[in-house]
Amino acid sequence: VTTGVLVVRAGEDSPFGLEDGDVVLSVDGRVPAHAQHLGRILRSYQPGEKVKLRVQRDRKAIDVETTAPR
């Protein structure tokens, strides 16, 4: 991919449903420029708020719909 942010280590219980090796392409249509930008975008959501991530996983673009952690 030429855009997006690579998830190197998502963790055992990733709060946004991300997995190791995912590339986050967008968050509710907002395209992250780098890892810090992605963090700011994800932290902007209130606990329990719905979040739609566009992710490339296993060479396929998928939508991951989740909620911000409490």
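Laboratory data are not the source of any read-out in this text; all were calculated from the coordinates shown. All of these numbers come straight from a predicted model, not from anything done at the bench. So basically every Cβ, Gly included, is an ideal-geometry build from the backbone, and we count neighbours across all protein chains shown.
Tabulated data
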| quantity | calculated |
| --- | --- |
| Sites Thr67 and Thr2, calculated FRET efficiency, Cβ-Cβ separation with R0 35 Å, nearest 0.05 | 0.75 |
| Within-15-Å neighbourhood charge of Gln36 [Cβ basis; K, R +1; D, E -1] | +3 |
| Where labels lie 7 Å past Cα in the beta-carbon direction, separation of Asp20 and Ala33 in nm | 3.1 nm |
| Phi to ³J(HN,Hα) by Karplus 6.51 cos²θ - 1.76 cosθ + 1.60 over the range 22-39, Hz, x for Gly, Pro | 5, 10, 7, 8, 6, 10, 6, x, 8, 8, x, 7, 6, 4, 5, 5, 4, x |
| Proximal charge balance of Asp20 [Cβ under 11 Å; K/R count +1, D/E count -1] | -1 |
| Local electrostatic count, Leu6, Cβ distance below 12 Å [Lys/Arg +1, Asp/Glu -1] | -1 |
| Relative packing of 58-70, 35-47, which averages over residues the other C-beta atoms within 10 Å, highest first | 35-47, 58-70 |
